[in-house]
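The values are calculated or read from the model by the stated rules, or taken from the named source; none is laboratory data. Everything quoted here is computed from the prediction, not taken from an experiment. Don't worry about glycine lacking a Cβ; one is built from the backbone with ideal geometry, like all the others, and counts go over all protein chains shown.
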Amino acid sequence: MTVASQVKQTLSSLKSAQASLESFAIETQNQMAKQLFTDAAQQTRNVVNILEPRIQDLEREEPQYRQF
Amino acid sequence: MPEWSIILLRVIGVLFLTLLLVRMPGRKSLSRLSPFELISVLVIGFTAALWSLNLIGDLLTIIIALAVWVLIPQIFSILSLKSKKFRDIYRGQETILVHQGKVLEEKLLREKLSPEDLLSMLRSNRVFNFADIEMAVLEPDGELNLLLRKEQQPLTPHSIGIPMLQEQAPQTVLIDGNIMEEKLAALGLNRHWLLTELIKLGVAVENVFMGQVDSAGQLYLDLFDDQIKVPQPTIKEMTRATLNKCQADLELFSLSSRADSAKKVYSDAARDIKNISTGLESLLSR
């Protein structure tokens with residue numbers, strides 16, 4: 001596996017975790033837990049946003065492995 | 001009437017009478033009765049037994065005796081509720097036997113307890129060293145309760161500073177295949193949600209013996225057929241595992257990348273993910 005695809009994999013795991021956190025935030029009845037989950041989902045989204053440009057950089061560096 | 005039939009009738013009568021009388025001291029377990037109440041219960045029992053066996057004859061004597069033994073303890077216990085002084089005499093007072101790791105010998109002597117008695121009572125409270133005790137109190141009913149020193153007390157989330165969220169008690173929404181609508185409504189859910197969840201797990205309503213929903217909306221089931229394994233909800237654990245895996249991956253990327261800027265991006269991201277997962281520790285673990 002190329003580095004770019006590894007990073008992509010991690011990124012999609014992170015997105016899945018973010019989605020789970022958002023669904024917990026919706027499901028829970030406890031206001032404080034709701035807030036905590038919402039914050040965590042937001043922070044995860046920030047990390048995803050920071051990492052996404054990295055994938056573009058990696059693909060520029062290794063254009064022969066570009067997948068999609 | 002033959003004698004055995006008289007005795008039979010009396011025994012049955014006394015049975016129901018004592019059933020009523022013994023309830024009189026209120027909802028206290030037998031070991032919590034004061035000595036006086038215990039004696040009165042015994043006397044009531046004996047008197048009733050003697051009368052039912054025709055050993056003492058006169059019904060009026062029995063009724064008077066029973067009435068006294070039932071009423072006086074009642075009056076005493078009402079009085080003891082009203083007056084603190086009377087209560088101390090009637091129920092007795094608690095005694096402090098160990099204070100700040102020091103055994104109070106004169107108190108021990110007054111309660112007629114030997115050092116071995118004290119040690120054995122401590123041991124039954126799982127304390128083997130009296131120096132660990134902040135305070136040990138002998139209750140009026142002879143029970144020993146103790147408070148350990150702060151450093152000997154079991155760890156709680158509070159004592160190590162982990163914030164915990166108040167969690168609602170799980171609601172039992174399914175019993176014997178019957179759906180409890182009002183319990184579901186209390187969680188803001190309805191019958192259709194439950195049926196959908198059951199279809200997702202591939203379980204028919206009739207097969208469920210008991211089903212509970214926790215405050216996070218996860219459904220836990222017990223089926224009539226214990227051979228069938230129901231998957232327990234693991235989505236929270238999965239999420240935590242995913243977060244931890246991402247963090248580990250990011251750290252690996254940060255170590256393996258050569259460019260300093262990329263290293264920094266990865267290690268920052270790893271740190272952020274770690275913060276998120278520690279912040280949710282108490283929420284994502286069951």
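Which ranges mark the helices (runs of 4 or more DSSP H) fully within the stretch B:200-286 that have 2 or more residues being more than 16 Å from A:L21 (Cβ to Cβ)? Don't jump to the end; show me each part of the working.
Values: elements: B:235-256, B:260-279, B:281-284.
In the stretch B:200-286, the matching helices (runs of 4 or more DSSP H) lie at B:235-256, B:260-279.
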- So how many residues does the stretch B:39-62 have that are more than 11 Å from B:T18 (Cβ to Cβ), exposed (fewer than 13 other Cβ atoms within 10 Å of the Cβ) and either within 38 Å of the chain's Cα centre (by Cα) or β-branched (V, I, T) (or both)? 3
- Task: Look at A:E27 and say whether it is among the acidic types (D, E) and within 9 Å of chain B (Cβ to nearest Cβ).
- Result: yes
- Item | One residue from A:A33, A:A4 being part of a helix (DSSP H, G or I) and in contact (Cβ under 8 Å) with a residue 60 or more places away in the chain | A:A4
- Can we say B:G188 is part of a loop (DSSP other than H, G, I, E, B), exposed (fewer than 14 other Cβ atoms within 10 Å of the Cβ) and either at pLDDT 85 or above or within 11 Å of another protein chain (Cβ to nearest Cβ) (or both)? yes
- Tell me, yes or no, whether the stretch B:221-231 has at least one residue that is surrounded by 13 or more Cβ atoms within 10 Å (Cβ to Cβ), farther than 30 Å from A:T10 by Cβ, out of contact with any Pro (no Cβ under 7 Å at 6 or more places or on another chain) and within 14 Å of another protein chain (Cβ to nearest Cβ). no
- Looking at the stretch B:269-286, which of its residues are at the interface with chain A (Cβ under 8 Å from one of its Cβ atoms) and either exposed (fewer than 15 other Cβ atoms within 10 Å of the Cβ) or in contact with a Gly (Cβ under 9 Å, 6 or more places away or on another chain) (or both)? B:N275
- Query: Would you pick out the residues in the stretch B:1-50 that are of a type in the set (G, A, S), touching a Phe, Trp or Tyr at 6+ places or on another chain (Cβ under 7 Å) and modelled with pLDDT of 75 or more?
  - Reply: B:S40
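Out of all the residues in the stretch B:164-183, is one or more in contact (Cβ under 8 Å) with a residue 60 or more places away in the chain, within 14 Å of chain A (Cβ to nearest Cβ) and in a loop (DSSP other than H, G, I, E, B)? Give the derivation first.
Filtering the stretch B:164-183 down to residues in contact (Cβ under 8 Å) with a residue 60 or more places away in the chain leaves B:164-165.
Those still in the list that are within 14 Å of chain A (Cβ to nearest Cβ) too: B:164-165.
Now restrict to residues that are in a loop (DSSP other than H, G, I, E, B): B:164-165.
The answer is yes; a qualifying residue exists.
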- Item | Condition broken by B:K84, with the remaining ones in (1) surrounded by fewer than 11 Cβ atoms within 10 Å (Cβ to Cβ); (2) at pLDDT below 85 satisfied | (2)
- The lone exception for B:K245 - which of (1) more than 14 Å from every other protein chain (Cβ to nearest Cβ); (2) within 30 Å of A:N49 (Cα to Cα) it fails: (1)
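Residues in the stretch B:199-220 that are under 28 Å from B:L165 (Cβ atoms) and away from every other protein chain (no Cβ under 12 Å): how many? Step through it out loud before you land on a result.
Within the stretch B:199-220, the subset under 28 Å from B:L165 (Cβ atoms) is B:200-201, B:210-220.
Keeping just the survivors that are away from every other protein chain (no Cβ under 12 Å) gives B:200-201, B:210-212, B:220.
Qualifying residue count, the stretch B:199-220: 6.
Being surrounded by 10 or more Cβ atoms within 10 Å (Cβ to Cβ), of a type in the set (D, E, K, R) and over 30 Å from B:S282 (Cβ atoms) narrows it down to one of B:E116, B:E94, B:E106, so name that one.
Testing whether each residue is surrounded by 10 or more Cβ atoms within 10 Å (Cβ to Cβ), of a type in the set (D, E, K, R) and over 30 Å from B:S282 (Cβ atoms) leaves just B:E94.
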